Structures are given as structure tokens and as C-alpha cells.
1. Among the residues of segment 232-281 satisfying the criterion of being under 13 Å from the mean Cα position of the chain (by Cα) and part of a loop (DSSP other than H, G, I, E, B), which is surrounded by the most Cβ atoms within 10 Å (Cβ to Cβ)?
2. In this structure, does A62 turn out to be modelled with pLDDT under 55, in a loop (DSSP other than H, G, I, E, B), aliphatic (A, V, I, L, M) and within 16 Å of the chain's Cα centre (by Cα)?
3. Determine which single condition E201 fails, assuming it passes every other condition in (1) among the acidic types (D, E); (2) out of contact with any Phe, Trp or Tyr (no Cβ under 9 Å at 6 or more places or on another chain); (3) outside any loop (DSSP other than H, G, I, E, B).
4. If G227 meets every condition in (1) of a type outside the set (A, V, I, L, M); (2) assigned to a loop (DSSP other than H, G, I, E, B); (3) closer than 16 Å to T274 by Cβ apart from one, which number is that one?
5. Could you go through segment 124-132 and let me know if any residue there is in contact with a strand residue (DSSP E or B) (Cβ under 7 Å, 6 or more places away or on another chain) and at pLDDT 95 or above.
6. Condition first: in contact with a strand residue (DSSP E or B) (Cβ under 7 Å, 6 or more places away or on another chain), surrounded by 15 or more Cβ atoms within 10 Å (Cβ to Cβ) and at pLDDT 95 or above. Can you find one or more residues in segment 89-98 that meet it?
7. Of the residues D175, D144, which single one is surrounded by fewer than 19 Cβ atoms within 10 Å (Cβ to Cβ), at pLDDT 95 or above, farther than 18 Å from F259 by Cβ and among the acidic types (D, E)?
8. Go over the candidates F150, F155, F136 one by one and state the one that is touching a residue at least 40 places away in the same chain (Cβ under 8 Å), among the aromatic types (F, W, Y) and within 15 Å of P284 (Cα to Cα).
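The values are calculated or read from the model by the stated rules, or taken from the named source; none is laboratory data. Quick caveat: nothing in here was measured; it's all calculated off a predicted structure. Here the Cβ positions follow ideal geometry from the backbone for every residue, glycine too, while neighbour counts run over all protein chains shown.
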Amino acid sequence: MGSRSASQAVVLGLASLMGLAAACGDDSDSNAEAGAGGSGATGSADGGPGGTLTVTIDGSGAGLGSGGGGDGAGGAICQGRLEATVRDFAASHPDFQAFTGTEAFTGIVEDQLGPDGLPVYAHAGATAQTTGPDEFNQWYRDVDGINQRFSIDLFLDKRADGVSIFASNAFFPLDGMGFGNEGNPHNFHFTTELHATFDYEGGEVFTFTGDDDLWMFINGRLAIDLGGLHPELSATVDLDAMAGVLGIQVGERYPMDIFHAERRTSQSNFRIETTIDCFEPIPPPQ
């Protein structure tokens, strides 16, 4: 790949950015598809009924933030935008393209985030789905020669019933970028992390559907565990039902941290459905 010093943005339409430019609560059913800007390679997030993906090609990892109910700095509190850090890996990495499975493999990570705000590998050595702690610790940290970091914005589409959705059954934000597609029709080997805060008002639910690994933490505590390589699976957290486990109380603000990995051909599904009303994106751990 060529130099990534110049920032570029690519918007791939699954829903109109104009319909999400206001704060949460502005419902829009319009759909639009924007062409790629600049000359850089583009990612893709086609095939889903809701949400928009903005890919920022920027070696610094700083998002450009366009549309979606907030400025690039995340100044607006009530947003339908989630900022994500995506790291590309080569297929030769020991944890990628080396494992397979048909169901979630739980327990890869500890139930609480580490002091650095990242998942803690829960084993001294290998598991049926991972090589070991050293390799896992590369997933969500910048490691020269091992991964390449990009920033993307995910814009959730809020429906009339109050459910906000980002959905793609072809979630390939780094096609042609990083280590490239490596002879595959898409770039299948990457990790994704999202960080935000939200106000817990009572009654909220959050559902993730996709593959492969997915861990969601609320208030630093594990709320969804869909670890391992597997076909498209779903898990839902009812915040009221898990309030005691998560240590949350109505009326307070809490962090939400999501860690995802796409580790093998030949599908990539990524779907968020939630009644959480507003997110405030926050920077990833350094």
C-alpha cells in the first residue's frame, strides 16, 4: 500500500447521511449512495438495511467525522455515530485463517477490562480458537509490521420505533487497503473496536449479530461474549436484567466498549440493534 499520510474519506451509503445529520430522534427512511472520494482504495459495507459507514484513510488513526449528527470531535452528546478503530492483519498471522468453528467459544477474555481499557486474555497459553496471549495482545494494539490502523465512523439509522440500527452482511471496510485482499475477493482479516458513553435511562437493550469474535463491555464488565470463529450469531443484553452484574444504575452515564475480530473467509456480518438513545464517542485506549 502507498503512503497514508494524506487523510481521505470514503462514504459508502446504506442510509442517507442527511437523514442522520440531526441529533438522535430524527428518523429518516431515505437511502443514498455516495461515490468514493480521492484516489485511495475504498472499503465496503454493502447489503444491510440500515446505517452508513465512513472509512478514514489516515495513518494517524484520527477520524475525519462527517455527517451523522456530530462534528468530527464528537462534540454533540446525542449522536447516531460510533467511532471505530480497525486494524488490518495479514492472513499469515497465527490467529487469522488458522481456526474454524460452528458456535461461540466463550471465556477467551476475562470478565472485566484491564487497566488499559482493553480485553484481558484469560489463558496462559493456547485455546481451541487462539494461539496464545502474545498473539492475542496484538489484536487491539498497534504493532509495527503486524497490523495497520485505520479509523471508521458507523452511522446508526434510527427507526420510528426507537431502535437504532447499523447492519451489513458484507462488512469489509478495508478492501484494498492495509495488507490488501491477499488474493481474496475481500480483505477478511481485521479487528474492530468501538468506544462510547451513554446515559442509562432504563429499559435499554443491545443486540449484536455477526461473525467472528465479539465482546461487549458496559462499565468495564463483560455483557456479551461471542468469542471464537463461528457463522453469524446473535446475542442480546437487557441492561435492566443485567444491571446488578454490570454495576449500573438508572440515571448515570457509563462507558460501552466493543471489540470485534474478522478472522477468516468467507463471510463478514456486522449488525447492531439497540434502544440506547444517544452515544458520545470517546477515543480508544492509547
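1. S268
2. Values: modelled with pLDDT under 55: yes; in a loop (DSSP other than H, G, I, E, B): yes; aliphatic (A, V, I, L, M): yes; within 16 Å of the chain's Cα centre (by Cα): yes.
Spelling it out, A62 is indeed modelled with pLDDT under 55, in a loop (DSSP other than H, G, I, E, B), aliphatic (A, V, I, L, M) and within 16 Å of the chain's Cα centre (by Cα).
3. (3)
4. The failed condition is (3).
5. Within segment 124-132, the subset in contact with a strand residue (DSSP E or B) (Cβ under 7 Å, 6 or more places away or on another chain) is none.
No, that holds for no residue.
6. Here is the first cut: in segment 89-98, the ones in contact with a strand residue (DSSP E or B) (Cβ under 7 Å, 6 or more places away or on another chain) are 89, 96.
Add one more test, that the residue is surrounded by 15 or more Cβ atoms within 10 Å (Cβ to Cβ), and what stays is 89, 96.
Okay, now just the ones that are also at pLDDT 95 or above, so 89, 96.
There is at least one residue in segment 89-98 that is in contact with a strand residue (DSSP E or B) (Cβ under 7 Å, 6 or more places away or on another chain), surrounded by 15 or more Cβ atoms within 10 Å (Cβ to Cβ) and at pLDDT 95 or above.
7. Details: D175 fails: surrounded by fewer than 19 Cβ atoms within 10 Å (Cβ to Cβ).
Every option except D144 fails the conditions.
8. Values: F155 fails: within 15 Å of P284 (Cα to Cα); F136 fails: within 15 Å of P284 (Cα to Cα).
Of the residues listed, the single one that is touching a residue at least 40 places away in the same chain (Cβ under 8 Å), among the aromatic types (F, W, Y) and within 15 Å of P284 (Cα to Cα) is F150.
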